[in-house]
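Can you keep this structure in mind? I'll have questions shortly.
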Amino acid sequence: MFKLNRMFHKLLSPESYYRFAGRLVPWLGWSCAILMIAGLIGGLWYSPPDYQQGESVRIIYVHVPAAWLSLFGYMFMAGAALVGLVWHVKVAESLSMAAAPVGASFTFLALVTGSLWGKPMWGTFWVWDARLTSELVLLFLYLGVIALYNAVPDVRKASRAAGILALVGAVNVPIVHYSVEWWYTLHQGPTVTKLDAPSIDIRMLIPLLLMALASTLFFLAVVFTRARADLVRRERDKRWVRELVTADGGRQ
Amino acid sequence: MIRRTALHACAALLRRDLRLAIRRRSELANPLLFFAVVITLFPLGVGPDPARLSGIAAGTLWVTALLAVLLSLDSVFRADFDDGTLEQWLISPHPLPLLVLTRVLAHWLTTGLPLVLLAPLLGVFLKLDPHASLTLFWSLLLGTPVLSLVGAIAVALIVGLRRGGMLLALLVLPLYVPVLIFGAGAVDAAASGLQPTGQLLLLGALLVLSVTLAPLAGAAALKIATE
Amino acid sequence: MSHWLAMGAYGWFVWPSYGIFALVVGVNWYTARKAHREALSRARRRIERETT
């Protein structure tokens, strides 16, 4: 049992993660690119316009993946933080903190695209509807984690403190979502602001799924790369980094 | 005779904190004064029209109370961090979460509870519907402990840092959103003649959730911040 | 074709959306690669400083 534990820890060591991720990222990158091109072509060209919303419905092909990533990113960040805190896995700490800015940027994207979608639909750029409001709070949760991580000088303390905040926020996300929805339906009354994809035509569903999958792969590729960079920085005095950097002139 | 059980330790801590708070009576007044002054600003800012004031009364009272709690949070652990008492907490045989819970209780008794008692009076300034005053009281009574508990986690995370101020606000305010929504929502419902039971029950649920989980998170945060 | 570019009068909303999407994707990709490159070069410089 003890041996299994040690094997497991070795597997999750910064060095093995670095090599493993180094081989994985190109695959993630290329498959993301292919899927994204297919999704964009499908979304911008082949999919039909909505009979109510016209061509503006095409925004869902970037808005929905962004919104999906904002939530997935947060769960990834919180999950990695949990692993890092409970089992003291450095790689998990790096992955968690790497996910924060990426997730935040996609939350921002979801807000902007949501606004741009809303303007032709409701006439204003911002509406306090349930989903946009929840996304905004989510953005602030992200920014809080990032701010805390940058405020603490010691990098291990910083990632652990920010990890706790991420976990507390994670508990909060469904509560916020529910409370905002309740708040919105109470205050808004009968007018329904539908930001949902209209009842799914297969020609719309496919590009949507392609874009969502491509975005997820992109997220993983970026986060894995950032984590690699972070681990090199943290472990710069360790032997594996020295060997890595001197052996083949610093190329990965 | 030395008493060793955790409950005795918590009682001693509570007594100490309350005694210290009473000795610094003027500091106790600060959140209340803040509450009162800021509430006074609103009619000055938006005009004395009673209809408009009563329209914003519920939310304004709640937001201001929330900010008053936020401003008072900085002192929750700082003094003990500075003089090393916090490290004694860490090596003490008593469960850290319990100590954290006790500290938050002391903080709430000296900060949140006075706000709860003052709020209905200030509601008069904002022309809050009298039917809603009782709901305001109950919503704050249930909500301010949650604010103290969740706030304590955030303070514990940054207790080692020099300048907490704005960072604390950024960390904690998103976490306060559900409490605000249900709290102000309860008062608004009561003002419209509806029953605020749902919102109050949800506030109660949040209270139970935070009483059980916040001390654990706070303890973990303190361990990280002080090691 | 021009109908496609105009997106049926919604062009001013659709294209900026995709544009900002491209921007976010591009910036994320670029900064991640840059962070990696810099981490490696900083590590290399540290070692060079020590051995000279």
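The values are calculated or read from the model by the stated rules, or taken from the named source; none is laboratory data. Note that the structure is predicted; figures quoted are calculated from it, not measured. Cβ: placed from backbone, ideal geometry, glycine included. Neighbour counts: every protein chain shown.
Against the condition closer than 24 Å to A:Tyr184 by Cβ and surrounded by fewer than 22 Cβ atoms within 10 Å (Cβ to Cβ), how does B:Leu167 come out, does it pass?
On the way: closer than 24 Å to A:Tyr184 by Cβ: no; surrounded by fewer than 22 Cβ atoms within 10 Å (Cβ to Cβ): yes.
No: the conditions fail for B:Leu167.
Listed residues B:Leu170, B:Leu73; which is free of Cβ contacts under 8 Å to residues at least 12 places away in the same chain and either more than 22 Å from B:His8 (Cα to Cα) or aromatic (Phe, Trp, Tyr) (or both)?
After applying the criteria, what remains is B:Leu170.
When you check B:Leu167 against the structure, is it in a helix (DSSP H, G or I), more than 14 Å from the chain's Cα centre (by Cα) and at the interface with chain A (Cβ under 8 Å from one of its Cβ atoms), yes or no?
Against the criterion (in a helix (DSSP H, G or I), more than 14 Å from the chain's Cα centre (by Cα) and at the interface with chain A (Cβ under 8 Å from one of its Cβ atoms)), B:Leu167 qualifies.
Looking only at region A:143-155, decide whether some residue is more than 10 Å from every other protein chain (Cβ to nearest Cβ) and within 16 Å of A:Ala66 (Cβ to Cβ).
No - not one qualifying residue is present in region A:143-155.
Something else: Would you confirm, using the coordinates I've provided, whether B:Leu213 is part of a helix (DSSP H, G or I), surrounded by fewer than 23 Cβ atoms within 10 Å (Cβ to Cβ), within 8 Å of another protein chain (Cβ to nearest Cβ) and at pLDDT below 95?
no
List the helices (runs of 4 or more DSSP H) that sit entirely inside region B:31-117 and contain at least 2 residues that are at pLDDT below 95, over 16 Å from the mean Cα position of the chain (by Cα) and within 22 Å of B:Phe137 (Cβ to Cβ).
B:50-72
Pairs under 7 Å by beta carbon, first residue more than 13 Å from chain C (Cβ to nearest Cβ) in region A:205-222, partner of a type in the set (Gly, Ala, Ser), six or more apart or different chains?
Listed by first residue and then by second, the contacts come to A:Ile206/A:Gly42; A:Leu208/A:Ala197; A:Leu210/A:Ala38; A:Leu210/A:Gly39; A:Leu210/A:Gly42.
Still on this structure: Kindly indicate which of A:Thr107, A:Thr113 is more than 9 Å from every other protein chain (Cβ to nearest Cβ) and not charged (D, E, K, R).
Result: A:Thr107 is the single residue among A:Thr107, A:Thr113 that is more than 9 Å from every other protein chain (Cβ to nearest Cβ) and not charged (D, E, K, R).
Within the bounds of region A:130-138, is there any residue that is more than 14 Å from chain B (Cβ to nearest Cβ) and over 15 Å from the mean Cα position of the chain (by Cα)?
The answer is yes, given that some residue of region A:130-138 is more than 14 Å from chain B (Cβ to nearest Cβ) and over 15 Å from the mean Cα position of the chain (by Cα).
Answer yes or no: is there a residue in region B:131-149 that is at the interface with chain A (Cβ under 10 Å from one of its Cβ atoms) and either hydroxyl-bearing (Ser, Thr, Tyr) or not in a helix (DSSP H, G or I) (or both).
no
Could you grab the pairs with beta carbons closer than 8 Å, sequence gap of 6+ or different chains, first residue in region C:25-46 and more than 23 Å from A:Ala212 (Cα to Cα) and at the interface with chain A (Cβ under 7 Å from one of its Cβ atoms), second one polar (S, T, N, Q) and loosely packed, with under 15 Cβ neighbours inside 10 Å?
Within 8 Å, the pairs are C:Arg44/A:Thr246.
Of everything in region A:128-174 that's in contact with a Leu (Cβ under 8 Å, 6 or more places away or on another chain) and basic (Lys, Arg), which residue is surrounded by the fewest Cβ atoms within 10 Å (Cβ to Cβ)?
That would be A:Arg131.
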